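Comments concern the structure below.
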């Protein structure tokens with residue numbers, strides 16, 4: 001039994017290939033590397049039916065994941081998050097078939113767990129003892145916890161403005177944690193210098209090729225949960241964009257396996273905040289790369305990324321899928337967060353709320369049609385961002401009586 | 001197809017029975033009511049194999065749940081949480097087979113989602129429009145969100161000291177939320193008075209009989225995840241104790257269905273903090289009910305319950321399963337929380353950490369044997385309790401360099 005059908009790494013820019021038996025980072029041309037699988041061999045030996053008796057976690061797709069020896073697997077039970085029907089919110093937007101992929105229901109409370117589970121597992125298989133990364137909070141939290149489980153020492157640098165709860169997750173797991181008076185790009189520069197030490201494995205976004213393979217499983221799950229039919233549109237809050245690239249890659253691989261209809265590709269939407277919208281700007285200008293966004297600021301902190309190293313891959317996925325990019329206002333983020341909670345009982349993170357806001361906007365523009373099947377990615381649990389909710393709560397004394405609401 | 005095999009409600013104290021077609025609260029004798037199922041009919045029509053193609057959520061056990069019409073189901077995708085192996089922490093405690101049932105990986109981030117999903121669904125089926133409850137935080141959060149999804153109006157009263165994030169969950173979903181300068185018992189008195197209004201459905205712990213049926217699914221899942229073999233010991237952090245009563249009830253029902261070995265019952269352990277240990281005191285004195293615990297205080301806020309209405313059922317489950325009750329120190333709670341994060345990469349809540357501390361204590365006393373299979377319930381995500389982690393994090397300026405760790 002072959003656990004993984006990984007064959008090699010390749011550069012999506014210059015096509016150079018690399019082996020998978022030793023650590024690699026960027027291509028010599030500067031581009032991120034992607035993982036290739038032997039899909040021809042896999043298609044003849046793997047069937048959908050084999051999934052039936054597998055655990056409801058992302059390792060059910062191990063043939064399409066890079067880990068070769070399952071004894072190195074580092075898992076906290078991540079994956080197979082709910083694909084939840086949102087009929088009331090959908091009706092409110094005039095979208096008849098609105099679903100949410102709820103990545104709040106996962107260890108560490110955000111979709112970053114997927115990249116960390118697969119990335120840390122592969123790092124362990126490659127013999128890594130120390131890793132380092134910049135983060136806007138959730139990725140650092142997830143990698144800290146998975147690294148602890150793998151007995152790998154993590155060094156994490158995050159902006160002082162990142163969600164405070166993610167500090168706790170890093171600290172409680174024993175990570176080397178630093179804050180920086182700046183943006184994730186400043187944190188990234190500090191990590192780049194530190195990672196010149198050959199003993200430190202740089203796991204910055206797309207600087208190692210395996211995190212994206214974990215994120216890819218969101219696409220695999222959406223396919224399986226829609227019984228391999230796939231939705232018409234997928235909206236994804238886009239910072240580094242790895243999830244969107246991963247979902248696109250997953251569906252391309254499923255097409256080649258013959259598990260989904262050939263040519264069937266959801267229109268992929270990269271959602272950003274008006275306070276930090278480099279991908280949207282590039283897409284509006286028809287360009288294939290983005291510029292650094294000056295003065296980036298948004299309450300949806302996870303997408304506060306002024307320049308993504310994988311911007312060209314995000315834009316390619318948008319163009320190839322006939323998708324688009326959309327920027328939403330800060331006030332609409334908070335409004336959609338409240339609507340989702342009050343209409344559907346789900347407390348989404350600001351990034352997820354941004355994606356709902358974009359769905360509403362694109363429906364109003366008729367870019368999304370009323371009868372289309374729309375999936376919104378909620379990338380994390382709202383409880384990780386307590387400051388986004390305004391509170392004004394009456395305080396009673398023991399023995400007090402409640403008044404009836406009028 | 002019969003969706004639920006519910007037959008009637010019964011009083012575990014005086015044996016009086018009630019129908020399930022209208023709302024009921026306590027028995028006329030003052031005892032909580034429990035749900036009875038027609039297990040004889042069910043055993044002839046239901047098989048383990050039928051679970052194979054069902055979704056990985058708690059509704060896979062719908063025959064053993066009280067909801068009769070699935071169109072009233074209110075779900076956020078809750079259940080089938082990971083049963084996670086903890087080899088490093090187990091080794092540290094000298095327990096060879098230590099697993100954690102991780103209830104942090106569930107909508108709303110705590111096991112309270114189970115009771116809320118089933119309780120709110122049944123309330124909706126019964127035509128309830130308004131509900132009210134006291135809470136130590138997590139239950140109020142879960143019931144607020146599920147009530148919002150069901151278009152039911154919730155009134156919640158919680159102590160000012162309850163975890164602040166749970167306030168957000170209530171507020172964002174539009175609940176009527178009040179704080180009280182006191183304990184959950186003070187909140188309970190306020191709710192009792194308010195619920196004299198016949199339009200308000202009182203869902204205080206065990207004052208309605210369906211929440212426990214949701215909690216019961218933890219026991220059903222542990223049985224299925226251990227391939228119906230069951231562990232030797234289950235440790236459960238005990239406030240109101242509904243989860244422990246539910247797990248006991250679940251396993252008794254599975255025994256009667258013939259799905260687990262007859263007579264096979266894990267020894268159930270009620271874990272409390274030394275700062276609030278009424279069940280432990282009652283068990284140590286061999287009594288069948290507990291006394292009100294004066295001056296209750298613990299960082300494991302969910303188990304800060306000075307007197308549980310179902311105390312006699314908790315104690316019965318302990319005695320009948322040859323279990324025990326154990327109190328742990330506040331300092332040990334924080335220590336175990338750190339150990340679990342640093343050794344296993346899991347950020348458990350203080351209540352879960354208390355249960356790990358009890359496992360260590362009972363192993364030291366040899367009440368737990370080295371080779372026994374032990375399952376600890378982590379009732380929620382550590383991220384809901386940010387104040388339990390001490391932070392002291394260096395702040396860098398853009399352009400700074402990291403020093404190598406020495």
Which of (1) more than 9 Å from chain A (Cβ to nearest Cβ); (2) in a loop (DSSP other than H, G, I, E, B) is the odd one out, the single condition residue B:325 does not satisfy?
(2)
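Test residue A:176 against the stated conditions and say whether it is more than 8 Å from chain B (Cβ to nearest Cβ), farther than 15 Å from residue A:304 by Cα, surrounded by fewer than 24 Cβ atoms within 10 Å (Cβ to Cβ) and without any contact (Cβ under 8 Å) to a residue 60 or more places away in the chain.
Numbers: more than 8 Å from chain B (Cβ to nearest Cβ): no; farther than 15 Å from residue A:304 by Cα: yes; surrounded by fewer than 24 Cβ atoms within 10 Å (Cβ to Cβ): yes; without any contact (Cβ under 8 Å) to a residue 60 or more places away in the chain: yes.
No; evaluated as a whole, the condition is false for this residue.
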Every residue from segment B:359-397 that is in a loop (DSSP other than H, G, I, E, B), within 14 Å of another protein chain (Cβ to nearest Cβ) and surrounded by fewer than 18 Cβ atoms within 10 Å (Cβ to Cβ)
B:390, B:391, B:392, B:393, B:394, B:397
Residue by residue through segment B:328-355, note down the ones that are buried (at least 24 other Cβ atoms within 10 Å of the Cβ) and more than 14 Å from chain A (Cβ to nearest Cβ).
B:328, B:351, B:354, B:355
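Out of B:246, B:214, B:263, which single residue is out of contact with any strand residue (DSSP E or B) (no Cβ under 8 Å at 6 or more places or on another chain) and at pLDDT below 95?
Numbers: B:246 fails: at pLDDT below 95; B:214 fails: at pLDDT below 95.
Within the list B:246, B:214, B:263, the selection yields B:263.
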Given (1) more than 26 Å from residue B:330 (Cβ to Cβ); (2) away from chain A (no Cβ under 14 Å); (3) assigned to a loop (DSSP other than H, G, I, E, B), residue B:239 misses just (1)
Of (1) over 18 Å from the mean Cα position of the chain (by Cα); (2) more than 30 Å from residue A:189 (Cβ to Cβ); (3) assigned to a helix (DSSP H, G or I), residue B:341 satisfies all except one. Which?
(2)
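If the requirement is being in contact with a strand residue (DSSP E or B) (Cβ under 9 Å, 6 or more places away or on another chain), within 14 Å of chain A (Cβ to nearest Cβ), within 30 Å of residue B:57 (Cα to Cα) and surrounded by fewer than 24 Cβ atoms within 10 Å (Cβ to Cβ), which of these qualifies: B:189, B:225?
On the way: B:189 fails: within 30 Å of residue B:57 (Cα to Cα).
B:225 is the lone residue from the list that is in contact with a strand residue (DSSP E or B) (Cβ under 9 Å, 6 or more places away or on another chain), within 14 Å of chain A (Cβ to nearest Cβ), within 30 Å of residue B:57 (Cα to Cα) and surrounded by fewer than 24 Cβ atoms within 10 Å (Cβ to Cβ).
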Can you tell me which residue is farthest from residue A:108 (Cα to Cα) among those in segment A:50-61 that are more than 11 Å from chain B (Cβ to nearest Cβ) and buried (at least 19 other Cβ atoms within 10 Å of the Cβ)?
A:61
Looking at (1) closer than 25 Å to residue B:51 by Cα; (2) crowded, with 20+ Cβ neighbours inside 10 Å; (3) within 14 Å of chain B (Cβ to nearest Cβ); (4) out of contact with any strand residue (DSSP E or B) (no Cβ under 6 Å at 6 or more places or on another chain), which is the only condition residue A:77 fails?
(4)
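Yes/no matrix, rows are residues, columns are (1) within 11 Å of chain A (Cβ to nearest Cβ); (2) out of contact with any helix residue (DSSP H, G or I) (no Cβ under 9 Å at 6 or more places or on another chain); (3) modelled with pLDDT of 95 or more; (4) closer than 28 Å to residue B:199 by Cβ:
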residue	(1), (2), (3), (4)
B:83	yes, no, yes, no
B:93	no, no, yes, no
B:106	yes, no, yes, no
B:113	yes, no, yes, yes
B:133	no, no, yes, yes
B:139	no, no, yes, yes
B:142	yes, no, yes, yes
B:145	yes, no, yes, yes
B:149	yes, no, yes, yes
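Could you list, in sequence order, all residues of segment B:385-405 that are out of contact with any strand residue (DSSP E or B) (no Cβ under 8 Å at 6 or more places or on another chain) and more than 26 Å from residue B:334 (Cα to Cα)?
Of all residues in segment B:385-405, those out of contact with any strand residue (DSSP E or B) (no Cβ under 8 Å at 6 or more places or on another chain) come to B:385-392, B:399, B:401, B:403-404.
Selection gives B:399, B:401, B:403, B:404.
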Taking the condition more than 7 Å from chain B (Cβ to nearest Cβ), at pLDDT below 95 and under 29 Å from residue A:19 (Cα atoms), does residue A:206 pass?
yes
Would it be correct to say that residue A:182 is facing another protein chain (nearest Cβ under 10 Å), surrounded by fewer than 24 Cβ atoms within 10 Å (Cβ to Cβ), farther than 28 Å from residue A:231 by Cα and touching a residue at least 24 places away in the same chain (Cβ under 8 Å)?
no
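Tell me which strands (runs of 3 or more DSSP E) are completely within segment A:70-162 and hold 2 or more residues being more than 15 Å from the chain's Cα centre (by Cα) and closer than 24 Å to residue A:177 by Cα, or say none if there are none. Even if it seems obvious, please write down each step before you answer.
On the way: elements: A:83-85, A:97-102, A:130-134, A:153-159.
In segment A:70-162, the matching strands (runs of 3 or more DSSP E) lie at A:130-134, A:153-159.
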Among (1) under 27 Å from residue B:127 (Cβ atoms); (2) touching a strand residue (DSSP E or B) at 6+ places or on another chain (Cβ under 7 Å); (3) within 7 Å of another protein chain (Cβ to nearest Cβ), where does residue B:158 come up short?
(3)
Residue under question is residue B:197, and the condition is that it be farther than 21 Å from residue B:222 by Cβ and either touching a strand residue (DSSP E or B) at 6+ places or on another chain (Cβ under 6 Å) or facing another protein chain (nearest Cβ under 9 Å) (or both); does it hold?
yes
Would you confirm, using the coordinates I've provided, whether residue A:246 is at negative phi, surrounded by 24 or more Cβ atoms within 10 Å (Cβ to Cβ) and either touching a residue at least 24 places away in the same chain (Cβ under 8 Å) or out of contact with any helix residue (DSSP H, G or I) (no Cβ under 9 Å at 6 or more places or on another chain) (or both)?
yes
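Give the number of residues within segment B:275-286 that are over 10 Å from residue B:297 (Cβ atoms) and either surrounded by 23 or more Cβ atoms within 10 Å (Cβ to Cβ) or touching a residue at least 24 places away in the same chain (Cβ under 8 Å) (or both). Let's see the steps before the verdict.
Kept after step one, since they are over 10 Å from residue B:297 (Cβ atoms), are these residues of segment B:275-286: B:277-286.
Filter once more, so that each one left must be either surrounded by 23 or more Cβ atoms within 10 Å (Cβ to Cβ) or touching a residue at least 24 places away in the same chain (Cβ under 8 Å) (or both): B:277-280, B:282-284.
Residues in segment B:275-286 being over 10 Å from residue B:297 (Cβ atoms) and either surrounded by 23 or more Cβ atoms within 10 Å (Cβ to Cβ) or touching a residue at least 24 places away in the same chain (Cβ under 8 Å) (or both): 7 in total.
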State all residues of segment A:278-307 that are closer than 21 Å to residue A:166 by Cα and in a loop (DSSP other than H, G, I, E, B); if no residue qualifies, say none.
A:296, A:297, A:298, A:299, A:300, A:304, A:305, A:306
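Of B:362, B:377, which residue is at pLDDT 95 or above, under 20 Å from the mean Cα position of the chain (by Cα) and under 22 Å from residue B:276 (Cα atoms)? Step through it out loud before you land on a result.
Details: B:362 fails: under 20 Å from the mean Cα position of the chain (by Cα).
Residue meeting the stated conditions: B:377.
The values are calculated or read from the model by the stated rules, or taken from the named source; none is laboratory data. Remember, predicted model here, so these are calculated numbers, not experimental data. Because the Cβ atoms are built from the backbone with ideal geometry, glycine has one as well, and the counts that use them run over all protein chains shown.
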